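> Just dropping this structure here.
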Amino acid sequence: MAGPTNLESEAWVREAVSRFEGPLLLYARRLLTDAESARDVVQDVFLRLCGQSRAEIDGHLAEWLFTVCRNRALDVLRKEHRMTRLQDEQVNRCLSPAPGPHDVAERHDLGARVLALLDTLPPNQREVIRLKFQNGFSYQEISRISGHSVSNVGYLIHAGIKTLRGRLFDGQPAEARA
């Protein structure tokens, strides 16, 4: 059986770019907080994809892309010797839209508080929570992307959410927590 043709490979890469460029840019921007560096990292991810065998990556393409993106972003951070925080403008763009104006305002306030509190968590908890809830990865996929064991991923997510919940509702009556 012959391997894929160049046209099939090009179509596969184009489809991957179309499907994953946005989520990878968001992920890289969260890690780097610099849009230009994030674009460079994502471009490098797709260049590396072009050099990979489809047969080796099929079935776990998203995981492979996010792992390579994470590793490249960490390389950039190591070179820069610094990590920066999200700017307010970036936080506001990341909030999900809500059905009505009242809900939009309420979700905006809550989302801003959660994102601000998320930045107070240790980096490993922030990362796994974002991979889980912003990108929809399973614990196993997060484990392979981050290098943490599956049980450690579960612990980090649990501990991070517990901390966020406690800080978010600190001093509020029980009925406000429901």
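The values are calculated or read from the model by the stated rules, or taken from the named source; none is laboratory data. On a predicted model such as this, the values are computed, not experimentally measured, just so you know. So basically every Cβ, Gly included, is an ideal-geometry build from the backbone, and we count neighbours across all protein chains shown.
> May I ask you to list pairs of residues, at least six apart or on different chains, whose Cβ atoms are under 8 Å apart, with the first in region 118-137 being touching a residue at least 60 places away in the same chain (Cβ under 8 Å) and the second being in a loop (DSSP other than H, G, I, E, B)?
Hits for this filter: Leu131/Phe137.
> For region 134-169, how many residues meet the condition of being part of a helix (DSSP H, G or I) and touching a helix residue (DSSP H, G or I) at 6+ places or on another chain (Cβ under 9 Å)?
23
> Mind listing whichever residues of region 41-78 are charged (D, E, K, R), without any contact (Cβ under 8 Å) to a residue 12 or more places away in the chain and surrounded by 14 or more Cβ atoms within 10 Å (Cβ to Cβ)?
Correct list: empty.
> Kindly indicate whether Ala62 is at pLDDT below 85, part of a helix (DSSP H, G or I), more than 21 Å from Ser37 (Cβ to Cβ) and hydrophobic (A, V, I, L, M, F, W, C).
no
> Of everything in region 12-57, what is outside any helix (DSSP H, G or I) and of a type in the set (D, E, K, R)? Give them in sequence order.
Asp34
> Something else about it: Does region 114-125 contain at least one residue that is of a type in the set (Gly, Ala, Ser) and modelled with pLDDT under 90?
For region 114-125, residues of a type in the set (Gly, Ala, Ser) and modelled with pLDDT under 90: present.
Condition check ((1) within 28 Å of Glu10 (Cα to Cα); (2) modelled with pLDDT under 90) across all residues:
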{"site": "Asp58", "(1), (2)": "yes, yes"}
{"site": "Thr67", "(1), (2)": "yes, no"}
{"site": "Ala73", "(1), (2)": "yes, no"}
{"site": "Arg82", "(1), (2)": "no, yes"}
{"site": "Gln87", "(1), (2)": "no, yes"}
{"site": "Pro99", "(1), (2)": "no, yes"}
{"site": "His102", "(1), (2)": "no, yes"}
{"site": "Ser138", "(1), (2)": "no, no"}
